[in-house]
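Quick notes on the structure that follows.
The values are calculated or read from the model by the stated rules, or taken from the named source; none is laboratory data. Values in this document were obtained by computation on a predicted structure and should not be read as measured data. Methodologically, a virtual Cβ is constructed for each residue, glycine included, from the backbone with ideal geometry; neighbour enumeration extends over all protein chains shown. Each accessible area value is taken on the protein alone, full model and side chains, heavy atoms only, with ligands, DNA and RNA left out. Shrake-Rupley method; radii C 1.70, N 1.55, O 1.52, S 1.80 Å.
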Amino acid sequence: DLAQGDFVSAQMRLEKVKNQMLFRKQQGIDDPLSWARLLCDLGLLYQQQGKLEQGRLVSEEAVKLCQEMNLSDAPGYALTNLGYIFFEQAQESSGGSSLELLEKAQEAFKESVQTWENEDRTNLKIEALAGLGLTQAKMGNALDALECIETVLLHLADHSLLGALDPTRIFVSCWEVLKLVEDPRAIDVLAMGLKHLDDLVEKQDDSSL
């Protein structure tokens, strides 16, 4: 939503998730998996709105809950969110603090990729793999970064991004890495990303009719 400049829509979704969480607390509903998924949604929305510290806290809460309850699916999503949040925090920091945050992002992305591989969910590891590639590129590991992005591009050639939390950041991550290494495919990925956004706007317009 924020990629489309629709901050109001994202804010409304944020309030909806908060209300759902409040309702479950008030009703005493004990459903750890649904709760973890709501935390993942909340973490993503905070990240999209630039509220990185709030996003980090709820994403870490989701990861902890998943580990304690041995939940599937949700930890991969929460770890992906954490990776992107740590990455963005690193961009706002400097020196040793920035490197430490990049290392945390790299660790979160790797754990997410491993989680999805363990569950044989190749389509869902792509978002984390794109973030891992971007993080490695920023850390100066161009070859490792490009290897990650190559895998993502191969997937994009034949598969949809169904299940991704935020497909837009997949295209942005690939584009940034390819641009950094001066790979001419960067312009193609940018075009794919713009088409994705156009499709989102079109769907939003259709749903409002």
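Summary of values
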read-out	value
Members of the stretch 134-193 found to be of a type outside the set (Gly, Ala, Ser) and not in a helix (DSSP H, G or I), listed by number	139, 141, 159, 161, 162, 165, 166, 181, 182, 183, 184, 185
Residue 59 open to solvent by 20 Å² or more (accessible area, probe 1.4 Å), under 19 Å from residue 124 (Cβ atoms) and either modelled with pLDDT of 85 or more or touching a helix residue (DSSP H, G or I) at 6+ places or on another chain (Cβ under 8 Å) (or both)	no
Enumeration of residues in the stretch 62-74 that are buried (at least 16 other Cβ atoms within 10 Å of the Cβ) and in a loop (DSSP other than H, G, I, E, B)	71, 73
Residue in the stretch 75-84 that is closer than 25 Å to residue 152 by Cα, among the polar types (S, T, N, Q) and surrounded by fewer than 16 Cβ atoms within 10 Å (Cβ to Cβ) present	no
Selection from the stretch 103-121 of residues that are more than 17 Å from residue 174 (Cα to Cα) and either assigned to a helix (DSSP H, G or I) or open to solvent by less than 10 Å² (accessible area, probe 1.4 Å) (or both)	103, 104, 107, 108, 111, 112, 114, 115, 116, 117, 118
Selection from the stretch 8-56 of residues that are at pLDDT below 80 and on the phi > 0 side of the Ramachandran plot	28
Exclusive hit being in contact (Cβ under 8 Å) with a residue 12 or more places away in the chain, of a type outside the set (Phe, Trp, Tyr), surrounded by 15 or more Cβ atoms within 10 Å (Cβ to Cβ) and out of contact with any Cys (no Cβ under 8 Å at 6 or more places or on another chain), set 190, 132, 162	190
Search result, residues across the stretch 15-44 that are surrounded by fewer than 14 Cβ atoms within 10 Å (Cβ to Cβ) and among the polar types (S, T, N, Q)	19, 26, 27
Residue in the stretch 86-97 that is modelled with pLDDT of 95 or more, over 19 Å from residue 47 (Cα atoms) and surrounded by 15 or more Cβ atoms within 10 Å (Cβ to Cβ) present	no
Residue in the stretch 146-154 that is of a type in the set (Ser, Thr, Tyr) and open to solvent by less than 30 Å² (accessible area, probe 1.4 Å) present	no
